[in-house]
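Structure below; questions to follow.
The values are calculated or read from the model by the stated rules, or taken from the named source; none is laboratory data. Here the structure is a predicted model, which means the values were calculated and not measured. Heads up, the Cβs are rebuilt from the backbone with ideal geometry, glycines too, and the neighbour counts pull from every protein chain shown.
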Amino acid sequence: MHEVAFLVLEDGDAPAEIYLKRMQLPPYKKLVARIERAANNGIPINTEQARQFQTPEGWTIRELKIFGHRMIWDWGPRGEIVLLHGFAKKPDETPRNELQRAVTLIELLRHEGGIRDG
């Protein structure tokens, strides 16, 4: 079992938490259920539910997926799932600006470790 936490920026904002709060109720419930299942049962191996891939720069990006929404996450220093940020997914590929944001937040997590329990 893994704990779930949010990455917290210097200004106190947690991008993943903000994204979840702005979602409509049906997809919100599905994404939260996916996060809870991942925390309780491990990360899904079904690529329709989760995926992991490398950026050209060598960063590993991890997504939990539901139709139309993605939640970027990484492993925290204590083995917890740290939710970094979410976004609405329209094209087949993850948009380049979302990849760059993910890399920036992963760097923050690894160097500063600002985490708030989920």
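Could you tell me which residue of the stretch 44-53 is nearest to HIS2 (Cα to Cα), considering only residues that are hydrophobic (A, V, I, L, M, F, W, C) and surrounded by 10 or more Cβ atoms within 10 Å (Cβ to Cβ)?
By that ranking, first place goes to ALA50.
Search the stretch 61-76 for residues that are outside any strand (DSSP E or B) and pair each with any residue that is of a type in the set (Lys, Arg) when their beta-carbon atoms are under 9 Å apart and the residues are at least 6 apart or on different chains.
Listed pairs, sorted by first residue: PHE67/LYS30; PHE67/LYS89; GLY68/LYS89; GLY68/LYS90.
State the number of residues belonging to the stretch 80-118 that are at pLDDT below 90 and either within 23 Å of PRO26 (Cβ to Cβ) or outside any helix (DSSP H, G or I) (or both).
Residues flagged as at pLDDT below 90 and either within 23 Å of PRO26 (Cβ to Cβ) or outside any helix (DSSP H, G or I) (or both) within the stretch 80-118 amount to 14.
Considering each residue of the stretch 44-59, count those that are part of a loop (DSSP other than H, G, I, E, B), free of Cβ contacts under 8 Å to residues at least 24 places away in the same chain and charged (D, E, K, R), and give that number.
Matching residues across the stretch 44-59 total 1.
Still on this model: Can you name the residue in the stretch 1-43 that is assigned to a helix (DSSP H, G or I) and aromatic (Phe, Trp, Tyr) and, of all such residues, is surrounded by the most Cβ atoms within 10 Å (Cβ to Cβ)?
Among those residues, the one meeting the criterion is TYR19.
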